[in-house]
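Working notes, structure below.
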Amino acid sequence: MALPGSRETARRERVISRPSRLLRMLTLVLVAIPAWAQPPADNPPRSQDPRLSEAVDSSNAVVLSYANRPITRLRARVLADMPADRARVTISIIDQLVGNNIAGPVTSRDVAGVQIIRVADRDVLTLVEADVESLEGQTLERKATEAAAALSLALGEAVELQAPGRLLRATLAVVVATLLFLAAVLLLSRLRNRFRRAIAARTASLLSKIVPGGGSRDPALIVLRFVRAVVTLGALTVTAMFVYWWLTFSLRQFPYTRPWGETLRTQVLRLLATVGADTVAAVPGIVVVLIIFSVTRLLVQVSNGFFANVERGRTEVAWAAPETAAATRRLVAILLWLFAVVVSYPYVPGSGSEAFKGVSVFVGLVLSLGSSGVVNQLMSGLTLTYARALKVGDFVRLGEAEGIVTGLNMLSVKLRTFQGEEVTVPNAVVVGLVTTNYTRLAATEASYLASTVTIGYDTPWRQVRGLLLLAAERTEGIRRDPPPMVVKDALEDFYVRYRLLVCLEDPAARVIARDRLHASILDAFNEFGVQIMSPNYEADPEGRKVVPRDHWFAAPAAPSDSRRS
């Protein structure tokens with residue numbers, strides 16, 4: 001069908017197209033010479049000289065499309081033109097026709113075994129026997145007929161693209177369809193919520209009759225969750241149908257997207273079929289993976305039970321101590337699960353795909369670049385655990401931090417200090433520090449607290465010893481067995497260094513016991529007039545530097561302060 005145009009333009013088109021017609025006719029004659037040269041027969045073969053046309057490999061075959069509409073598949077080389085070259089020439093000719101508002105008629109004719117597709121009076125495409133998909137039972141005539149029909153439809157849509165009024169009506173139709181789609185989804189959501197509430201009330205009513213007296217709510221919760229899942233699944237299914245209908249309608253309104261709308265159903269069914277086939281093919285591998293993980297879970301449970309008994313002291317083995325049983329349990333569980341992952345990896349669906357390999361490479365790269373510090377902390381944590389230097393509940397000193405161990409993790413140690421602070425020390429730092437554990441030997445031997453004073457040489461050491469032992473006797477929280485002990489640590493230039501060693505009843509109360517002991521020492525020395533002052537001699541003081549007993553509770557102190565300390 002020729003659309004309106006000037007006669008001069010048509011005449012010019014015919015003049016310009018004559019050389020191309022002559023060249024194309026010469027090509028057809030060369031292609032048809034072998035067929036004319038053959039002797040006549042009842043059923044003459046329709047094939048071309050392989051030197052003039054031949055099928056190429058599938059990687060060089062192309063699908064000829066115009067205005068997003070597939071026309072046909074070209075898989076033959078004609079003379080020196082590859083399928084891509086033929087498609088490019090065809091599209092160029094069609095562009096000229098559409099630019100001149102020529103959209104038909106589209107016809108096909110046979111010339112010596114070659115199918116030529118024409119639009120109006122222009123030859124736009126040549127199909128040869130090598131283009132035919134013989135394995136699909138296709139014939140050259142049928143391929144030409146189908147290509148002509150698809151080309152006629154594509155030309156009509158290309159012309160339609162140039163009609164602003166048609167595009168405006170399509171846009172309005174899509175807007176209306178979108179509003180209706182949103183309203184339907186909103187209504188469906190409200191109906192789903194109302195239905196779920198009604199089902200919940202009905203289920204509770206039925207279960208109250210079956211289980212009188214308000215028995216266990218577990219059956220009601222199970223039934224309610226199942227019903228909610230069914231309702232949600234049904235709502236999602238209906239929503240997916242709405243999306244399909246809206247998308248199909250919207251795509252078919254515009255010429256360029258119309259092929260997508262027409263093939264959407266086929267694509268969805270093909271996708272579902274592919275997913276179903278892949279799922280069925282993956283079932284054996286999934287079963288193997290489930291078996292591996294089930295066996296691994298059973299082994300982990302057995303291992304956890306064994307090490308739990310070791311931790312509680314119910315089971316004794318030479319190679320596992322109660323202090324390290326918890327860490328060993330976690331370590332064995334991690335190793336078992338890692339072994340299960342390695343063994344089941346080949347059976348995971350898609351493990352051999354390029355995407356899976358890419359993810360594996362990315363994860364390995366991230367671990368290799370960022371795990372050096374984490375591995376250092378983990379190994380340090382294992383060192384601390386199996387060295388049994390400390391455990392949760394111990395009162396320890398780590399460098400300058402002193403407190404009760406509240407957490408012994410794979411990456412750090414947590415302490416709670418006397419001031420109510422939580423101190424986190426990385427395991428790698430703990431390994432490099434001197435760790436003092438005040439609790440470890442308290443149950444079997446003794447946990448000592450030391451207090452040091454320096455007294456001048458003019459005070460008899462026996463008096464100092466007696467005062468320190470008296471202070472220890474007056475202090476709460478100090479054991480009488482073993483008894484306190486005074487040691488003369490050093491004879492310095494200006495004073496004697498005395499150290500009082502006492503055994504604590506509760507090592508965790510070390511800070512409070514130290515405070516009480518120092519208070520008792522100050523009271524005892526002041527009571528007997530012995531000054532606690534280490535003189536660096538320039539001159540002796542006129543009197544002793546002590547606090548008289550009647551000034552012990554000077555304001556704002558109160559007599560109750562001695563009982564508090």
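The values are calculated or read from the model by the stated rules, or taken from the named source; none is laboratory data. Model, not experiment: these values are computed from the prediction. Glycine also receives a Cβ, built like all others from the backbone with ideal geometry; neighbour counts cover every protein chain displayed.
Looking at Thr232, Thr315, can you tell me which residue is surrounded by 12 or more Cβ atoms within 10 Å (Cβ to Cβ), outside any helix (DSSP H, G or I) and of a type in the set (Val, Ile, Thr)?
Exactly one of Thr232, Thr315 is surrounded by 12 or more Cβ atoms within 10 Å (Cβ to Cβ), outside any helix (DSSP H, G or I) and of a type in the set (Val, Ile, Thr), namely Thr315.
Scanning for something on the phi > 0 side of the Ramachandran plot, at pLDDT 50 or above, of a type outside the set (Phe, Trp, Tyr) and surrounded by fewer than 17 Cβ atoms within 10 Å (Cβ to Cβ), does the range 49-59 turn up at least one residue?
Filtering the range 49-59 for residues on the phi > 0 side of the Ramachandran plot gives none.
Looking for residues that are on the phi > 0 side of the Ramachandran plot, at pLDDT 50 or above, of a type outside the set (Phe, Trp, Tyr) and surrounded by fewer than 17 Cβ atoms within 10 Å (Cβ to Cβ), one finds none in the range 49-59, hence no.
Restricting attention to the range 77-113, which residues are assigned to a strand (DSSP E or B) and either more than 22 Å from Gly156 (Cβ to Cβ) or of a type outside the set (S, T, N, Q) (or both)?
The answer is Arg77, Val78, Asp81, Ile102, Val106, Arg109, Asp110, Val111.
Can you pull out the residues in the range 433-466 that are within 15 Å of Cys503 (Cβ to Cβ) and either modelled with pLDDT under 80 or not in a strand (DSSP E or B) (or both)?
Across the range 433-466, the qualifying residues are Tyr438, Thr439, Arg440, Leu441, Ala442, Ala443, Thr444, Glu445, Ala446, Ser447.
When you scan the range 466-501, how many residues do you find that are farther than 18 Å from Asp515 by Cβ and among the β-branched types (Val, Ile, Thr)?
Residues meeting the conditions: 3.
Testing Val280 on (1) in contact with a helix residue (DSSP H, G or I) (Cβ under 8 Å, 6 or more places away or on another chain); (2) loosely packed, with under 11 Cβ neighbours inside 10 Å; (3) not small (Gly, Ala, Ser), one condition comes back false. Which one is that?
(1) is the only condition that Val280 fails.
Considering Val487, Val430, Val502, which residue is among the β-branched types (Val, Ile, Thr), surrounded by 18 or more Cβ atoms within 10 Å (Cβ to Cβ) and modelled with pLDDT of 90 or more?
Numbers: Val487 fails: surrounded by 18 or more Cβ atoms within 10 Å (Cβ to Cβ); Val430 fails: modelled with pLDDT of 90 or more.
Unique residue meeting the criteria: Val502.
Given the criteria modelled with pLDDT under 80 and either in contact with a Ser or Thr (Cβ under 7 Å, 6 or more places away or on another chain) or under 28 Å from Leu271 (Cα atoms) (or both), does Val223 qualify? Before you say what the answer is, go through the steps one by one.
Numbers: modelled with pLDDT under 80: yes; either in contact with a Ser or Thr (Cβ under 7 Å, 6 or more places away or on another chain) or under 28 Å from Leu271 (Cα atoms) (or both): yes.
Taking the combined requirement at face value, the residue satisfies it.
What single numbered condition from (1) within 15 Å of Val430 (Cβ to Cβ); (2) at pLDDT 75 or above fails to hold for Ala321?
(1)
Does the range 114-155 hold any residues that are in a helix (DSSP H, G or I), buried (at least 23 other Cβ atoms within 10 Å of the Cβ) and either under 50 Å from the mean Cα position of the chain (by Cα) or in contact (Cβ under 8 Å) with a residue 60 or more places away in the chain (or both), and which are they?
Asp131, Ala147, Leu151, Ala154, Leu155, listed by residue number.
Is one or more of the residues making up the range 392-406 part of a strand (DSSP E or B), within 20 Å of Ile512 (Cα to Cα) and of a type in the set (Phe, Trp, Tyr)?
yes
Out of Arg516, Arg497, Arg510, report the one residue that is under 60 Å from the mean Cα position of the chain (by Cα), basic (Lys, Arg) and either modelled with pLDDT of 85 or more or not assigned by TED's automatic domain parsing to the domain that holds Val453 (or both).
So the residue among Arg516, Arg497, Arg510 that is under 60 Å from the mean Cα position of the chain (by Cα), basic (Lys, Arg) and either modelled with pLDDT of 85 or more or not assigned by TED's automatic domain parsing to the domain that holds Val453 (or both) is Arg516.
Please work out which residue is nearest to Ser344 (Cα to Cα), limiting yourself to the range 283-312 and to residues that are surrounded by 12 or more Cβ atoms within 10 Å (Cβ to Cβ) and of a type in the set (Ser, Thr, Tyr).
This residue is Thr296.
Out of the range 508-530, which residues are more than 18 Å from Gln419 (Cβ to Cβ) and either without any contact (Cβ under 8 Å) to a residue 24 or more places away in the chain or in a helix (DSSP H, G or I) (or both)?
Leu517, Ala519, Ser520, Ile521, Leu522, Asp523, Ala524, Phe525, Asn526, Glu527, Gly529
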